[in-house]
Amino acid sequence: MKKRAPNPDVIKRLKVFVEKTNRKGIGIDVGCGEGWLTKLLEEKGYYTIGADKDNKMLRLASKNCNSLIKVNVDNCLPFKSACFDFIICSDLLEHLNNPKMALEEIYRILKFGGKVLLKVPSWYFDLWLLTGEHHQFFSGRKLDIIIKSIGFKIEGRYSFMLLPIIRKVLDGVPQCLIRLLSK
């Protein structure tokens, strides 16, 4: 299997996220996949737990991350309330049957003043390249409505294009939506 490093635009937003996050805190990368973002945070000195429900992804992540846990985000997360200082949730919500419930759980386990970096594909991009694995499609407006209904504060909104050829075809329509959230 070919290893995929994070997109440079995601890394750029992660750096903004890191600047606003307490280095002494504890974080979790929910839906960590291969663990690239978890690894980047660990390398910056943050204690970060990688969490995924897929055994194959956890095996791959074990090569990149120090701390891993198996969780199913479609259910309640097995953590006490207000126990994490920061949470990464990248490319996960679109795979879930109930993304609002997952965000409610993320809100529950986030400490007051904590930060969340949330990334999903834009519905424009998802409808254009249907994968069959995505159960949800998000526009920026739909994402913001869900986020605000839970009680999150939106500290930053970002979007970007992944591939130059798609920029020409879609004429600037964003492929990914990123939100920096706080409680």
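The values are calculated or read from the model by the stated rules, or taken from the named source; none is laboratory data. The structure presented is a predicted model; accordingly, all values stated were derived computationally and were not measured. FYI the Cβ positions are ideal-geometry reconstructions off the backbone, even for glycines, and counts take in every protein chain you see.
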With the structure loaded, tell me whether Asn64 is surrounded by 15 or more Cβ atoms within 10 Å (Cβ to Cβ) and more than 26 Å from Phe138 (Cα to Cα) or whether it fails that test.
yes
Only one of Glu94, Glu105 is touching a strand residue (DSSP E or B) at 6+ places or on another chain (Cβ under 6 Å) and closer than 19 Å to Gln136 by Cα; which?
Glu94
Residue list for the stretch 20-67, filter: assigned to a helix (DSSP H, G or I), closer than 25 Å to Ser81 by Cβ and among the acidic types (Asp, Glu):
Glu42
Any residue in the stretch 111-130 that is in a helix (DSSP H, G or I), modelled with pLDDT of 90 or more and in contact with a strand residue (DSSP E or B) (Cβ under 9 Å, 6 or more places away or on another chain)?
no
Would the stretch 46-53 turn up any residue that is touching a Ser or Thr at 6+ places or on another chain (Cβ under 8 Å), small (Gly, Ala, Ser) and on the phi > 0 side of the Ramachandran plot?
no
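Being closer than 20 Å to Ile146 by Cβ and at pLDDT 90 or above is the requirement here; does Cys32 meet it?
Judged against the criteria, Cys32 is not a match.
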Specify the residue that is farthest from Asn72 (Cα to Cα); the eligible residues are those in the stretch 36-58 that are among the small types (Gly, Ala, Ser) and buried (at least 19 other Cβ atoms within 10 Å of the Cβ).
Gly50
The condition from (1) more than 21 Å from Phe86 (Cβ to Cβ); (2) crowded, with 16+ Cβ neighbours inside 10 Å; (3) modelled with pLDDT of 90 or more that Phe152 misses is numbered (1)
Quick one: count up the residues across the stretch 100-115 that are buried (at least 22 other Cβ atoms within 10 Å of the Cβ), touching a Lys or Arg at 6+ places or on another chain (Cβ under 9 Å) and closer than 13 Å to Cys89 by Cα.
2
